[in-house]
Each structure stands twice: as structure tokens, then as C-alpha cells.
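Okay, structure first, notes after.
The values are calculated or read from the model by the stated rules, or taken from the named source; none is laboratory data. Because the structure is predicted, anything quoted here is derived from the model rather than measured. As a convention, Cβ positions derive from the backbone with ideal geometry for all residues, glycine included, and neighbour counts pool all protein chains shown.
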Amino acid sequence: MRNYLPSIKKVSDLRPSQLVLSKLKGHTAYDDTRKPVTAETKAISIDSTEYQKDSNKKLNLLRSCHNTFISNFSVKRGIMSKDTKSLESKTAARVKGISSAVQRYQSAYRIYSKESHVYQCDFFKLMYYPPEHFLAMFRKSKPAINIRTVGQIFLNGNISKNSIKNVQSSFKDKQYGFPKTLNSLFQNNPCNTPSNYAFLRRQLKIKLKNCFFSEWCRKNGTKGVDETILSQKLNSCDKSTWKYLDTQNRTLPGVAKDGYYSYQVFIFPDKHTIREFEANVIESVAAVANLEWDKFLKPHKCIKGNYNKTWVQIANDRIKTDTLNKFLKSSEIPYLLN
């Protein structure tokens, strides 16, 4: 059987994504904090002045909607800058995900790409989607992150199910009824799975998001987004002009990238494994930062008719815009994808 090989050498030679996201006219009551980002949207930054602007925006929003049920609402000034760790944590909380309607659409029509799988360890795996991907087009912040637990890891991976089976078989010959008791105690009891507890899921998301955002900023993710916005305004591709971009106005290897980061967690960190967990989160951010765009966007397999397309374009071509727009409409999101 003949193998079809891609004939492309550079992603810069490819046509840009044809998907365009536009806002419907006449919809003003939509929550601004949930709307998709635009090309001019700045990245979330660990900056006390930016945090103060965001707080003032929320205060003005309350006043503009003629708030009558919250009184004595004020923004504390000059406090957050005294505690950098607290500022980082509160700023990381502003990093959002993507529209749930688009996630439901992806799940319903199973539009997945193996190329997005960029990192995996014992704790989690990371799927990364560049800004041009249809999922990342609906991100609510720069960057966007989603953290969810997958699978049922027995006793958080501290003991295998085979070990329990061995215990059961050792009691089986004695006929004391222990196999049934052990099965109900260990295997069918929901308390043995951390993901069944809301407070543990929340703690997991806070720890992962804080570590992720701190490393993303340390690798100049914010500066890379700022230069991207400025380069688009100036329409300049001069390499000497930019410190964090290449000649195609894409972030250089080593610079944290904008886009959508989807973490699928298998094992929850505890007091004994938290350092290892954080080290893996840092490695995952570095794995994305070190990606070379041309190699990363090149599809693993090329079928006839897709020779000159990236895997992102192939995924976007599978979108049925009319159907996706119905998903958006049912969720009262006043945007259309064309």
C-alpha cells in the first residue's frame, strides 16, 4: 500500500485557518468575563496594577447594573502587592477555560487529534491546542486551562487492585466470608477514590493552576502575547524588532505559548508526592514552550486531500459550523463561527 507523505516544509507556507468568530449584534447583557478572547486581548499577568484594574472593572460593573443588594463594596488598595505569593494565587484564579458548549460539541462529534498530546506522566497528561484551533478560539483568557479528572484510580494509586485480589484469594480457602467483605470495603466503596470528593478536586485545581501559571509567566508567556499583539498592529515580521517572536510572528522555542491547555489528571498529589507533582507541571509547561511550530503542527498522518494542511486545519475542517452555532445558541452565547 502506498504511503502518502506531506509535501509541506514550513507551516508558514500554509493557508491560515478559515474559521472566524464573530459576535452577534444587539446582545449587550452577556457576561463580559465569559466571552471569548480577541486578537487584542492581553494575557493574564502577575501585576498588581493589572489586578487593581480588574478589581475596579468589577466594582464599576456592580455600579452600572444599579446594584441594590450588595452594600459597602470596596476594593482594597495596596494590600496585594505586599504578598507576592498571594498575588500570584489570586491572579492565577483569573485564568479561565473555554466555553462548555464547545467542549460538549467536541465530545459529541469526537473531534480529537493525537498531535495535541504533548506530555504525560504518572499524575496526568496534557493536551495542548494552539490559538488557531477551534477549541482555543473559545478560550476565555490568555492562556486558557482546563483541569479534569479521568478514570477511577483505586486508593489514589497507592495500592493495586491485584493486591486486593491476592488478599481475597488468601481468605477464600478459609471460607470465613472475607472475600465479599473486602470487596465491599475496598473496591466498591466510593471513599477510596479521591475524585469523588469535591474539596479534593478543588484543591487539585488550585495547586495545578497556581504552579502552571507561575511557570508560564516565568517563561515569558505574557511578554510573548504582548509582542504578538503589537506585531499584528504594526504588521511587522522583522526578526530584529522582536525578542520573543520569530520571523513569522510566532513565539520562539523556550517561550511559553498562548493557547488552550487541557490537563487530564489520573492521580491526586498528597503531602508525599506534591513536590514531584509540581515538578511534572513545570515540565509540562516547558514541553509546550520548547515546541517548534513547524514540527508540532505537521500532522502524524496525511491522507489524500490534506497534504498541505496542519493538524489544526484538519480538525477545523471537520467542524460543522451550523451545528456548533446551535450549541452556542442553546447556551445563550451570542457568537457565531463562520
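Scan segment 225-234 and give yes if some residue there is part of a loop (DSSP other than H, G, I, E, B), out of contact with any strand residue (DSSP E or B) (no Cβ under 7 Å at 6 or more places or on another chain), in the same structural domain as residue 129 (by TED's automatic domain parsing) and over 30 Å from residue 123 (Cα atoms), otherwise no. Looking through segment 225-234, none of the residues is part of a loop (DSSP other than H, G, I, E, B), out of contact with any strand residue (DSSP E or B) (no Cβ under 7 Å at 6 or more places or on another chain), in the same structural domain as residue 129 (by TED's automatic domain parsing) and over 30 Å from residue 123 (Cα atoms). The residue list 295, 257 contains one member that is touching a strand residue (DSSP E or B) at 6+ places or on another chain (Cβ under 6 Å) and either exposed (fewer than 13 other Cβ atoms within 10 Å of the Cβ) or part of a loop (DSSP other than H, G, I, E, B) (or both), which is 257. Exactly one residue out of 90, 76 is part of a helix (DSSP H, G or I) and at pLDDT below 95, and it is 90. Under the condition of being under 16 Å from the mean Cα position of the chain (by Cα) and more than 21 Å from residue 223 (Cβ to Cβ), the residues counted in segment 283-304 number 1. Taken as a whole, the condition of being part of a loop (DSSP other than H, G, I, E, B), surrounded by fewer than 17 Cβ atoms within 10 Å (Cβ to Cβ) and at pLDDT below 95 does not apply to residue 203.
Looking at residue 281, is it β-branched (Val, Ile, Thr), over 26 Å from residue 198 (Cβ atoms) and assigned to a helix (DSSP H, G or I)? Here the answer is no, as residue 281 does not meet what is asked.
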